[in-house]
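Here's the structure we're looking at; comments come further down.
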Amino acid sequence: MNLVLTGSTSGIGWETLLALLPQFDRVFLPVRNISKAERLFQSLDKKEKIVLIPMDLSVLAEVKKGAEIILSQTEQIHVLINNAGGMYPGGKRSKEGIDLSFATNHLGHFLLVQELLPALIKGKARVIQVSSEAHRIALHPGKDFSLKKSSNTVAAYALVKLYNILFTKQLVNNYSSEGLNSYALHPGAVRTAFGSEASTWAKGLIAFTKLFFISPKAGAATSIFLATAPEKYLKNGYYYKNKKLSSTSTLAKDAKLAQALWNFSLEEIDRVLGNANPDKKGENVGIL
């Protein structure tokens, strides 16, 4: 069994890794800083299972290249957990000029799934999206899916968390007939370094509310549950909270919006990458 987990070096991603590492044969971890990750994971039991993949999820060229490295090493992926994310000031851009919140929380993961689809389908995989209850305050994006006009940190974050759920539903619509399963979840309000790059007032709000936050270990519980529970206990394409089915906002149920987001995401990837086809190089892979 093979696992791919993003955002594994801290917070709920770290706790998810600790829980799932013993249960998988190989664990592919896309990370931004290979040397830092190697130091972090060096003391782990079963570290020989870990394969580090250089990847900044906000940079589509890196996502594509990293996915190619993963596919060069395995034909099947059984679980993909899209855990990485962040809250960023409105208008902050990635190296490729994409809104950073949109790129990191949605588009990078969207591309990762697209690139890994052959292995995901062959493994009849579970694709798990770490969303948030923040999706409930999202407003309809209109035609501004990529947040070009957004300058509000919290509003942008709410939208991309809505996108996580819409992506989950459309993924199931498109590929459930081929054995693919996908779920979205709310991890809870977790005490982590989350929001460290947010705007000043958003940081203040997060700092105040952290008094009521749960531990990263508790926050990882629903991700772990969705990765390991027998499929007969899960409902494909649905949203979970506290390891149980949960309702979503009305917008998160909008099938037309989900399809429009899917189409826009494909167009945006094509716009940024064009016919780019980075060389397949495996020499930067870190195997612990």
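The values are calculated or read from the model by the stated rules, or taken from the named source; none is laboratory data. Keep in mind that this is a model prediction, so the values were computed, not measured. Heads up, the Cβs are rebuilt from the backbone with ideal geometry, glycines too, and the neighbour counts pull from every protein chain shown.
Restricting to segment 147-161, what's the tally of residues that are crowded, with 17+ Cβ neighbours inside 10 Å and either assigned to a loop (DSSP other than H, G, I, E, B) or among the acidic types (Asp, Glu) (or both)?
2
Among residues belonging to segment 159-197 that are among the hydrophobic types (A, V, I, L, M, F, W, C) and at pLDDT below 90, point out the one that is nearest to residue 109 (Cα to Cα).
194
What is the one condition in (1) over 18 Å from the mean Cα position of the chain (by Cα); (2) surrounded by 14 or more Cβ atoms within 10 Å (Cβ to Cβ); (3) of a type outside the set (D, E, K, R) that residue 43 does not satisfy?
(2)
Looking at segment 198-235 only, could you name the residues that are modelled with pLDDT of 85 or more and either β-branched (Val, Ile, Thr) or under 21 Å from residue 156 (Cβ atoms) (or both)?
If the condition is that a residue be modelled with pLDDT of 85 or more and either β-branched (Val, Ile, Thr) or under 21 Å from residue 156 (Cβ atoms) (or both), then 222, 224, 228 are the ones that fit.
Which of the residues that make up segment 53-66 are touching a residue at least 12 places away in the same chain (Cβ under 8 Å) and surrounded by fewer than 23 Cβ atoms within 10 Å (Cβ to Cβ)?
Within segment 53-66, 54, 56, 59, 61, 64, 65 qualify.
Of the conditions (1) modelled with pLDDT of 95 or more; (2) out of contact with any Ser or Thr (no Cβ under 8 Å at 6 or more places or on another chain); (3) of a type in the set (D, E, K, R); (4) farther than 30 Å from residue 143 by Cβ, residue 283 fails just one. Which one is it?
(1)
Out of the residues in segment 76-131 that are in a strand (DSSP E or B) and touching a Lys or Arg at 6+ places or on another chain (Cβ under 7 Å), state the one that is modelled with the lowest pLDDT.
99
As an exercise: evaluate residue 35 against (1) polar (S, T, N, Q); (2) surrounded by 14 or more Cβ atoms within 10 Å (Cβ to Cβ); (3) in a helix (DSSP H, G or I) and give the number of the one condition it does not meet.
Among (1) polar (S, T, N, Q); (2) surrounded by 14 or more Cβ atoms within 10 Å (Cβ to Cβ); (3) in a helix (DSSP H, G or I), residue 35 violates only (2).
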